[in-house]
1. Can you give me the number of residues within segment 134-154 that are part of a helix (DSSP H, G or I) and in contact with a helix residue (DSSP H, G or I) (Cβ under 6 Å, 6 or more places away or on another chain)?
2. Checking Glu168 against (1) more than 17 Å from Lys210 (Cβ to Cβ); (2) surrounded by fewer than 21 Cβ atoms within 10 Å (Cβ to Cβ); (3) away from ligand 2 (no atom under 13 Å from the Cβ), only one condition comes out false. Which one?
3. Is it the case that Ile146 is hydrophobic (A, V, I, L, M, F, W, C) and in contact (Cβ under 8 Å) with a residue 12 or more places away in the chain?
4. When the residues of segment 161-209 are narrowed to those that are in contact (Cβ under 8 Å) with a residue 40 or more places away in the chain and of a type in the set (Ser, Thr, Tyr), which ends up farthest from Arg117 (Cα to Cα)?
5. Of these, Thr108, Thr186, which one is at pLDDT 95 or above and either within 13 Å of ligand 2 (Cβ to nearest atom) or not in a helix (DSSP H, G or I) (or both)?
6. Taking the criterion of being in contact with an Asp or Glu (Cβ under 9 Å, 6 or more places away or on another chain), exposed (fewer than 13 other Cβ atoms within 10 Å of the Cβ) and of a type in the set (Lys, Arg), would at least one residue in segment 201-211 satisfy it?
7. Look through segment 194-209, keep the residues that are in a helix (DSSP H, G or I) and touching a strand residue (DSSP E or B) at 6+ places or on another chain (Cβ under 7 Å), and return whichever of them is farthest from Ile79 (Cα to Cα).
8. Which one is nearest to the chain's Cα centre (by Cα), of the residues in segment 118-133 that are more than 15 Å from ligand 1 (Cβ to nearest atom) and outside any strand (DSSP E or B)?
Amino acid sequence: FNNELQRSEKMEIISELAASVAHEVRNPLQVTRGFLQLMTEQEDNKNKGYVRIALEELDRASGIITDFLTFAKPEFDHIISLNISDEFNHIEGILVPMANLEGGKITTDIPPDLYIRGNSSKFKQAFINIIKNSIEALQGQGQIDIWAYKQDGMIKVHVRDNGEGMDEEALSRLGEPYFSNKIKGTGLGMMVTFRIVEAMQGQISFTSTKGVGTEAVVSFVEFVD
Ligand code: ADP
Ligand code: MG
C-alpha cells in the first residue's frame, strides 16, 4: 500500500512536470515553425531539403504534445463532478473547425443531465484523441456522430465515424505505444486515451469495419449528487 501511494505521488509529479513543459514549449515551437516556413518561401533556397525535414520534425513534436497534453494544465489532479454536455461543448469548439477543414461534419446529441466524476482536462484529452482519429480517417462526405446516455448506473458515450475503418490487426493493436498507420502519426493517442479511461475506472471498446467506419464506446460510472 505504501509503495502504491509513493508511486502515485511520483506519477503526479511527473504529469505536473510534463504539463508545464508542454505549456512552455509550444510557443517557441510555433515561432520556429513560422521562421522556417518563411525560409521555404525564399527564392534560391539551397537548403530547401533540410528545411523541409526540420518542418516535418517540428510537426512531429507538435503532434506528440497534441496527443498527450492538449488540455494538460499545470495544476494538481483536480477531480470534480463533470457535466458531459459541458465538456463536449468545449471539445467541439476545438474539433469542429478541424473536421470542417477535412470536409467532415460532427453532430452531437448529449442530454444536459449526465454527470461523472473525474478530471476535466484528462477527460477532454481522452476524447480529443478519439475524435481526432475519426477526423483523420474521414474520406469525402465525412460524418462523425457523438451521443451519450445513461444506462444501468453508467454514462455511455459513443463516437462513430464513416471513415476508412480498421482491419482486425489494427483493431487488436490499438493502444499499443507507437502503433500508427499514419505518415505523421505519433502512435500515442490511443495509448493516452486508454490509460486515462482506465485511471477513471471507465471502460472503452472499439468496433470497426474496413471501408465502412469505426465506433468507440466509452463508459463511466454515473455520479449522483
Ligand atoms: P496516430 O493517430 O498517431 O496514428 P493513435 O494511437 O491515435 O495514433 O491511433 C493508432 C492507429 O489506429 C492509427 O494510426 C489508425 O491506423 C488507427 N485508428 C485509430 N482510430 C481510428 C479510426 N477512427 N478510424 C480508422 N483508424 C483508426
Ligand atoms: Mg491519433
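The values are calculated or read from the model by the stated rules, or taken from the named source; none is laboratory data. Not measured: the values here are computed from a predicted model. Cβ sites come from the backbone with ideal geometry, for glycine too, and all protein chains shown count toward neighbours.
1. 1
2. (1)
3. Yes: the conditions hold for Ile146.
4. It comes out as Thr209.
5. Thr108
6. No, segment 201-211 contains no residue that is in contact with an Asp or Glu (Cβ under 9 Å, 6 or more places away or on another chain), exposed (fewer than 13 other Cβ atoms within 10 Å of the Cβ) and of a type in the set (Lys, Arg).
7. Of everything passing the filter in segment 194-209, Phe194 is farthest from Ile79 (Cα to Cα).
8. The residue in question is Lys124.
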